[in-house]
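One structure is given below, encoded as structure tokens.
The values are calculated or read from the model by the stated rules, or taken from the named source; none is laboratory data. Since this is a predicted model, take the numbers as computed values, not measurements. Here the Cβ is made from the backbone with ideal geometry for all residues, glycine too, and neighbour counts use every protein chain on show.
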Amino acid sequence: MLCKFETLKILGSRVHIVQNTGVLEMMEKWIQERDAKCHFIVNTGFHGLWMAHKDPEFKAIVNSADLFSPDGIAPIWISRIRGKPLKERATSAELMKSFFKKANEKRYRSFFYGDTDETLHTMKEKLKDKYPGHKIVGTYSPPFRPLTQEEDKKIMEMINKAQPDVLWVGLGLPKQERWIFGHRDKLNVPVAIGVGACFGFFSGRVARASLWMGIMGLEWLWRFIQEPRKLWRRVFWDVPRFSFHVLMELIGFKKYE
């Protein structure tokens, strides 16, 4: 089933005008249909859009997704200026939380790929306690090196044998999107989605910004305070350049394909 949601182009990337309720609706339909296709969901905001702008290959990967769920404050502002307003961010963490609630009722099955064994174990135990009806059918922490062909084949077999409804991939952007894109034809899973640092959130290892900061679009500030060395370049160098190019696109001075 194709997405029914409208789209808008931001620096050449096709973004769906959708909120978490709509994303969850599509996920459930794909799970129920089980049409032998792995449906690829991208969930990102400024960071992913900017990386796609800089890297045509990554832009092609993003635009190949069955659903681009916009996260962060930047897509909201841009959508409002374009006359296709998003009411709220479709954040990965909130989407996962909503899915787990549904899964607790309908016994959906999840597989978690990425992060560390410690994080995965802690997250698994916490989710089992809070959502006992949600079936966690597998977790895997890949090594911090390129996989051999044999290792990659065994991982695909392990995931497919577990028969998850959703494969959650927490490798960080853009690695997780590249991984899903490169393996989607081998995956017998209805839905695969990259969720960045969310495994850390649900394990309790990484603290999330307060609700009011999220509503105000200040989650980026919270993350910057937590990891300034990692994010300073993104905040002080990439954001201004991204804003400049978006402005050029909005006023019609330049087109991006």
Restricting to segment 1-36, count the residues that are within 25 Å of ARG109 (Cβ to Cβ), aliphatic (A, V, I, L, M) and surrounded by fewer than 20 Cβ atoms within 10 Å (Cβ to Cβ).
4
Might you let me know whether segment 78-95 holds any residue that is modelled with pLDDT of 95 or more and either touching an Asp or Glu at 6+ places or on another chain (Cβ under 8 Å) or within 26 Å of ARG241 (Cα to Cα) (or both)?
no
Considering every residue within segment 200-211, establish whether at least one is assigned to a helix (DSSP H, G or I), among the basic types (Lys, Arg), farther than 23 Å from PRO75 by Cα and modelled with pLDDT under 90.
no
Looking only at residues in segment 153-203 that are in contact with a strand residue (DSSP E or B) (Cβ under 7 Å, 6 or more places away or on another chain) and among the acidic types (Asp, Glu), which one is nearest to PHE111 (Cα to Cα)?
ASP165
Looking only at segment 64-92, count every residue that is small (Gly, Ala, Ser) and surrounded by fewer than 22 Cβ atoms within 10 Å (Cβ to Cβ) and tell me the total.
4
Helices (runs of 4 or more DSSP H) enclosed by segment 112-198 - at least 3 residues per element that are at pLDDT 95 or above, of a type in the set (D, E, K, R) and over 19 Å from CYS38 (Cβ atoms)
117-130
